[in-house]
Amino acid sequence: MIDRLKLLYELQVLDEQLDELEELRGDLPNAVAALEEQVNDLKEDIKKKDEERGESLEKRVENEEEIEKLRANQKKFKAQLYQVRNNKEYDALTKEIDHNELRVSKLEAENDSLSDLSTALADDIETTKPKLEELKEELKLKEADLKEIVKANEKEEAKFLANRKELQANVKKPDYSAYMRIRKAKKGIAVSTIKRAACSGCHNIVPPQRQLEIRRNNKLFYCEYCGRILVSAEIAEYVE
Ligand SMILES: [Zn+2]
């Protein structure tokens, strides 16, 4: 039993060392992730607008071709006007000519708005590009900072992690899940000890009878106030 308690306390000490290393990185990992997201969003935005611009250009070319065809037809129809033999033919032909004229104006209007759209998109892209470059530069700097910090502690962290793995393999599964659950709920500290008759985690007094029981190191106790695993001062001294 005493080994079981020691293992849990050892795990606590090791995790605190790992947490300290992580704290050195501060907000950098989050900042890098946020910048990466912003950079990707802007890239996506530019790509979409570029595609939209390409499509509008294609549509304009298509419309131009259609307009040309319609104009050629108009010429033909107008020439035919001189050869009509009766009013019925004349009416049919002028109707056709009017219809073509309308179609041409519609296509020309569409091309005007497509051209406006294309200009607006190009403007948008041009304003976004410097923003993107700025963010990319910021991301590069933050990534370099983070890399430096990670590199400085790389060996130490690897050693801690290897120790932790070994330790975890020796901790009983239910103990480990309890440990992890409390660690998560209690800001990283799952195991506390008795200091000046109180729980080192929450500073609430531990009743003398309970202190005696804990000192026997033969049972797993939890602090009745904060729920942390409570081990004797002897265990803590032994591990540290
Ligand atoms: Zn407590």
Exercise for review: State yes or no: is Ile2 surrounded by 13 or more Cβ atoms within 10 Å (Cβ to Cβ), among the β-branched types (Val, Ile, Thr), touching a residue at least 40 places away in the same chain (Cβ under 8 Å) and not assigned by TED's automatic domain parsing to the domain that holds Ile214?
Suggested key: yes
Quick one: is Gln74 in contact (Cβ under 8 Å) with a residue 12 or more places away in the chain and under 32 Å from the mean Cα position of the chain (by Cα)? no
Residues in the stretch 25-47: is at least one modelled with pLDDT under 95, closer than 30 Å to Glu148 by Cα, among the charged types (D, E, K, R) and exposed (fewer than 12 other Cβ atoms within 10 Å of the Cβ)? yes
The one condition Glu134 fails out of (1) surrounded by 15 or more Cβ atoms within 10 Å (Cβ to Cβ); (2) charged (D, E, K, R); (3) assigned by TED's automatic domain parsing to the domain that holds Asp45 is (1)
In this structure, is Ser192 in contact with a Gly (Cβ under 6 Å, 6 or more places away or on another chain), among the small types (Gly, Ala, Ser) and more than 30 Å from Lys49 (Cβ to Cβ)?
yes
In the stretch 164-178, residues that are surrounded by 13 or more Cβ atoms within 10 Å (Cβ to Cβ) and under 31 Å from the mean Cα position of the chain (by Cα) total 4
Next item on the list: Consider Thr94 carefully, then state whether it is part of a helix (DSSP H, G or I), under 43 Å from the mean Cα position of the chain (by Cα) and among the β-branched types (Val, Ile, Thr).
Entry: no
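Each row is one residue, and each column tells you yes or no for (1) among the basic types (Lys, Arg); (2) in a loop (DSSP other than H, G, I, E, B); (3) within 30 Å of Glu36 (Cβ to Cβ).
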{"residue": "Glu154", "(1), (2), (3)": "no, no, yes"}
{"residue": "Lys159", "(1), (2), (3)": "yes, no, yes"}
{"residue": "Lys165", "(1), (2), (3)": "yes, no, yes"}
{"residue": "Met180", "(1), (2), (3)": "no, no, yes"}
{"residue": "His203", "(1), (2), (3)": "no, yes, no"}
{"residue": "Arg210", "(1), (2), (3)": "yes, no, no"}
{"residue": "Asn218", "(1), (2), (3)": "no, yes, no"}
{"residue": "Ala236", "(1), (2), (3)": "no, no, no"}
With criteria (1) away from the ligand (no atom under 16 Å from the Cβ); (2) on the phi > 0 side of the Ramachandran plot; (3) surrounded by fewer than 17 Cβ atoms within 10 Å (Cβ to Cβ), Glu143 comes up short on (2)
Selection from the stretch 180-238 of residues more than 10 Å from the ligand (Cβ to nearest atom) and of a type in the set (Phe, Trp, Tyr) yields Phe221, Tyr238
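The values are calculated or read from the model by the stated rules, or taken from the named source; none is laboratory data. The shown structure was predicted, so the numbers you read here are calculated from the model rather than taken from an experiment. Using ideal geometry, Cβ is built from the backbone for each residue, glycine included, and neighbour counts are taken over all protein chains shown.
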